[in-house]
Amino acid sequence: MSAKNDLFRRPTGVLVVVILTFSLLGMGSFNEGAIDSIPVPDENFSAKITDQLDASFDITHFSLDGKTLLSGKRGEGTVSIPCDNINSIDFIKKGKDLFASIRIKSGERIELKINTAATIYGKLSYGYFSINIGEVKKIVIN
């Protein structure tokens, strides 16, 4: 009899093979969701992003789906505000909807309903950054 067949005849051998198989199948990639580049926006804006868990990230090359403006619905209309006119954005979840309370340079606040599928991109001092807009609590544009 070969050693291979002998391994499967012993209960501990079968148990080891089963455990190893499930362990390897359950292992995710450490690079899951990793990004190796970001969209390059027309202008380079710096921003501080704070997520829903209060983790903060200082980024450059801030963009929203590669664009340097924030768009959303106000009433039946669509409003787009360029980043150079925005001081800060606070995000508020109301049920399944996401609203942005935007403080523009004049000091006025504007509230827009935001598409939750949008992604924020940027460059960190040590790599690249991306986050779904629905996971963001606050953005301050420098």
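The values are calculated or read from the model by the stated rules, or taken from the named source; none is laboratory data. Model, not experiment: these values are computed from the prediction. Cβ: placed from backbone, ideal geometry, glycine included. Neighbour counts: every protein chain shown.
Checking the conditions here, which among Gly72, Gly134, Gly95, Gly66 is in contact (Cβ under 8 Å) with a residue 24 or more places away in the chain and surrounded by fewer than 14 Cβ atoms within 10 Å (Cβ to Cβ)?
Unique residue meeting the criteria: Gly66.
Testing Ile19 on (1) over 17 Å from the mean Cα position of the chain (by Cα); (2) of a type outside the set (Gly, Ala, Ser); (3) modelled with pLDDT of 95 or more, one condition comes back false. Which one is that?
Of (1) over 17 Å from the mean Cα position of the chain (by Cα); (2) of a type outside the set (Gly, Ala, Ser); (3) modelled with pLDDT of 95 or more, only one is false for Ile19: (3).
Scan (1) loosely packed, with under 12 Cβ neighbours inside 10 Å; (2) over 11 Å from Phe57 (Cβ atoms); (3) not small (Gly, Ala, Ser) for the single condition Tyr126 breaks and write down its number.
(2)
When you check Ser80 against the structure, is it surrounded by fewer than 16 Cβ atoms within 10 Å (Cβ to Cβ), without any contact (Cβ under 8 Å) to a residue 40 or more places away in the chain and part of a strand (DSSP E or B), yes or no?
yes
If I filter the stretch 83-119 down to residues being of a type in the set (Lys, Arg) and part of a loop (DSSP other than H, G, I, E, B), which single residue comes out as nearest to Pro41 (Cα to Cα)?
So, considering only residues that are of a type in the set (Lys, Arg) and part of a loop (DSSP other than H, G, I, E, B), the one nearest to Pro41 (Cα to Cα) is Lys105.
Under 6 Å by Cβ, and 6 or more places apart or on different chains, what pairs join a residue from the stretch 27-56 that is modelled with pLDDT of 90 or more with one that is among the acidic types (Asp, Glu)?
Correct list of pairs: Lys48/Asp58; Asp51/Glu135; Gln52/Glu135.
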